[in-house]
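The numbers here are math on the coordinates, done by the rules we state, and not lab data. Note that the structure is predicted; figures quoted are calculated from it, not measured. Note that we place each Cβ from the backbone using ideal geometry, even for glycine, and neighbour counts take in every protein chain shown.
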Amino acid sequence: MLRLEKRPSPSVFWERASPFLAVALTMVAGGIMFWILGKNPFEAIRTIFWDPLFNDQFAAYSRPQLLVKAAPLILIAIGLSLGFRAGIWNIGAEGQYIMGAIFGAAAGLAVYPVESRLIFPVMILAGAFGGFLWAMIPALLKTVFRTNEILVSLLLVYVAQNILAMMALGALRNPEGGGFPGSRNLSQIPSMANPELIAGTGMHWGVVAAFMAVIAGYILLQRHILGFQIKLAGQAPRAARFAGVSPARLVVLCLGISGVLAGLAGVFEVTGPAGQISIDFNVGYGFTAIIVAFLGRLNPVGILFAGLLMALTYIGGELAQLMLGLPSAAIQAFQGMLLFFLLATDLLTNFRVRLAKREGA
Amino acid sequence: MKRRTLLATAALGLGLAFGGAAMAQDKTKACFVYVGPIGDGGWTYQHHQGALAVQEAFGDKVEIAFQENVPEGADAERVLTQMALSGCNIIFTTSFGYMDATNAVAAKFPDIKFEHATGYKREHPNVSTYNARFYEGRAVQGHIAGKMTKSNKIGYIASFPIPEVIMGINSYYLHAKKVNPAVELSIVWAFTWFDPAKEADAAKALIDQGVDVIASHTDSTAPLAEAAKTNGAVIGFGQASDMAEYKDGPRVSSIIDNWAPYYIKRVGALMDGTYAQADAWEGIAGGEVEIGEITALVPAEVKAEAEAMRDAIAAGTYHPFTGPINKQDGSPWLAEGVTAPDGDLLGMNFYVEGIVGEIPQ
């Protein structure tokens, strides 16, 4: 029989290795699922993980698309990781992402059809502010009334979705859209667009911001006193308090930063790849980013690679549907497996697996 | 490391951008993008049946590929581009919300034909649009609804306030009113094409209001499932697909979207070189709109009248929008004996006289 034994201190090796093991196990279990579905498992796994990067036909297009898909995930996950390290659980990044997009789009559309180079920067600021504002609700409720930020931030996602629908149908609706819900296409309005900076690279301002967030996150955690306080508060809350760390200040800062980053992701998305405010503008980046944050070990560099990996499963998953006729539900199950195995293998960080001796032997 | 990865990606992206898209092949590849799952039992299911019919008609000479559950937004453009790169010769995009993505991708792949269902933008010579005159089927349904209702309250589950949907509501109401002047129409906006839970809620809301005949412009069978719970008190119609599994229950007839003739025609034209850009809008006459079997729940004389109307529409002797018809505000729209021009229908943004309520703005 197997027995779990708690490690005296978390294993550094397994902390690093468990994501790789999780990916490997996902490939095996996913392969079995694809095989049961009557597809060649090796071909399916190759299509998902290899073809988006190296296939002659697609790679030139899908490689840059990885950046486009990964950018919002990375941006949001960096923000979330700070809070998660400090034991502050912002589950509502999806809502902050939506509010960022709404605020940003509204700021731009308010002055339509004025053309000015200033409009785009103002929209970005408005988007960051929208995300910040939405994150401040759970932050203040937690610090003032001691409510649970997990519940408040999560429930505010549904409020944000309803505001999104209201905006797509009402205030922000394209007056020339023939009655169909949805705003004007911002990516087609020069002073509001967030286009590719270099054609064919997928690099837009959101990708740039994601890379900057990775670097800033790294510096913050490694070199800055706030980063130290965040880590301390997560690992030893009492010690942190003795060291003069104000829990309330940390809650506001962590939620504020993650709100700003989620809001930025929203406004970069709505001005670029998505193009417009529509009822189903949000496709779950805020929730997927939680997976990305943990897959990346709450480490900025890890998150960068985790975000790219997640994007790979999306784009590779689409290719697998198209080329092999896999149902989309199978791809979703495959992505779910990744989180499942990650949580399972995380056990190895804190526990050792031992062969148990029989009772009385 | 980070910067080098980025630069390498950028360089490769630039160098290979959209190279090698078209590959010589002897098979014609027809691709389909679906907004829902192929098992939705309605809209997407019927498009997929059309795709399968193409395969059957041409056998080895064509190859079919499809992707389901593609969101209308940023992801659609990527999916379409990947399809184009995978060697599709003709791509059918089967939802209104793919309009901008279809035109954007068509611009990059002038050699590939794009066919967009229910849209109106043909910005490039390789973009065609196609639709079906569903309002013809709505007229037949309206007639049955007006005759069958006992409470004189009939209901309509609408998706989005676009001309396509408003046209159907008006046609349904006009023909119910014609045979039953006391009839009242309740409309519930679901703001979705496919969401069984929301559609069921909408149906419940209508039933609670005393409605006993429900028509729907959403894609799932959920409204019929709700009607079935009333033990025969409430009847409804199959939408998009025959929904024959409810034939013994509440489904008294249906509108069947039959895309097969159009798909076979277009793919065939592409193969024999006679393909030309088109704006297709066929109805009962062209076989694209079919009236599903009217069940025994409907009295024989009503059934005969409904079938006579269907045949008159098919023969071109009757147009469902024939004056005199006033707009909701009482202002005249069509004078005595005048039939509605297609342009009026395609831009329809008003209810006809007698409908209570406002189109969501």
What number, rounded to the nearest 500 deg cm²/dmol, is the helix-based mean residue ellipticity at 222 nm of the protein assembly as shown, given -39500 (n - 2.57) per DSSP H run of at least four residues and division by all its residues?
-> -18000 deg cm²/dmol
Backbone HN-Hα couplings from phi across region B:263-277 [Karplus 6.51/-1.76/1.60, Hz, Gly and Pro as x] | 5, 5, 4, 6, 5, x, 4, 5, 6, 9, x, 9, 5, 9, 4
Search the structure for amide H atoms under 5 Å from the amide H of residue B:186, placed 1.01 Å from N in the peptide plane, and list their residues when 5 or more places away or on another chain.
-> B:154, B:155, B:156
Can you list the lysines whose alpha carbon sits under 24 Å from that of residue A:142, skipping same-chain ones fewer than 8 residues off?
-> A:231
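Among B:204/B:247; B:198/B:303; B:177/B:229; B:150/B:229; B:177/B:327, which pairs are too far apart, with a Cα-Cα distance over 23 Å?
Working: B:204/B:247 20 Å; B:198/B:303 31 Å; B:177/B:229 27 Å; B:150/B:229 18 Å; B:177/B:327 14 Å.
Long pairs (Cα-Cα over 23 Å): B:198/B:303; B:177/B:229.
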In nanometres, what is the gap between the two model label sites at residue A:136 and residue B:331, each 7 Å from Cα along Cα-to-Cβ?
-> 4.5 nm
List the lysines whose Cα lies under 24 Å from the Cα of residue B:29, skipping any in the same chain that are fewer than 8 positions away.
-> A:39, B:61, B:108, B:113, B:121, B:265
Show the residues, 5+ positions off or on another chain, whose built amide H is closer than 5 Å to the amide H of residue B:116.
-> B:93, B:128, B:129, B:130
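Among DSSP beta bridges lying fully in the protein assembly as shown, give the percent that are antiparallel, nearest 5. Numbers along the way, then the final one.
Values: 13 of 52 bridges.
Antiparallel bridges: around 25 percent, rounded to the nearest 5.
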Hey, can you grab everything whose amide H is under 5 Å from the amide H of residue A:351? Only 5+ residues off in sequence or another chain; H modelled, so Pro and N-termini drop out.
-> A:7
Share, in percent, of DSSP beta bridges within chain B that are antiparallel, nearest 5 | 15 percent
Taking the Cα atoms only, what angle lies between the long axis of helix B:300-315 and the longest principal axis of chain B, rounded to 10 degrees?
-> 40 degrees
Classify the protein assembly as shown as rounded, prolate or oblate from the Cα gyration tensor: take a ≥ b ≥ c as the square roots of its eigenvalues, call it rounded if a/c is under 1.5, otherwise prolate when a/b beats b/c and oblate if not.
-> prolate
Pick out which of A:72, A:181, A:138 has the largest mean-square fluctuation in a Gaussian network model of chain A, springs linking Cα atoms closer than 10 Å.
-> A:181
Rounded if a/c under 1.5, otherwise prolate or oblate - region A:40-325, Cα gyration tensor axes = oblate
A correct Karplus calculation of ³J(HN,Hα) over region A:149-158, with 6.51 cos²θ - 1.76 cosθ + 1.60, θ = phi - 60°, whole Hz and x for Gly and Pro, returns 5, 5, 5, 5, 5, 5, 5, 5, 4, 6
Summed side-chain charge close to residue A:192 - residues other than residue A:192 whose Cβ falls under 14 Å, Lys, Arg +1, Asp, Glu -1 = 0
Can you list the HN-Hα couplings for region B:180-193, worked out from phi with the Karplus curve (6.51, -1.76, 1.60; θ = phi - 60°), rounded to whole Hz and with x for Gly and Pro?
-> 8, x, 7, 5, 10, 10, 9, 10, 10, 8, 8, 6, 7, 8
How far is the Cα center of region A:108-158 from the Cα center of region B:216-261, in Å?
-> 43 Å
Among B:261, B:71, B:324, whose mean-square fluctuation peaks in a Gaussian network model of chain B (Cα, cutoff 10 Å)?
-> B:324
Residue range of chain A that is longest and free of trypsin sites (Lys or Arg not before Pro) which are both DSSP loop and sparsely packed (at most 13 other C-beta within 10 Å) | A:147-356
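State which stretch of chain B is the longest one without any exposed GluC sites (Glu not before Pro), exposure meaning a DSSP loop state and at most 14 other Cβ atoms within 10 Å. Write down the numbers at each step before the final one.
Numbers: sites that count: B:123, B:336, B:358.
In short, B:124-335.
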What's the local net charge at residue A:136, with K and R +1, D and E -1, over the other residues with C-beta under 12 Å away?
-> 0
Hey, which aspartates and glutamates would be in cross-link range of residue A:6, C-alpha to C-alpha under 19 Å, not counting anything within fewer than 8 residues on its own chain?
-> A:15, A:346
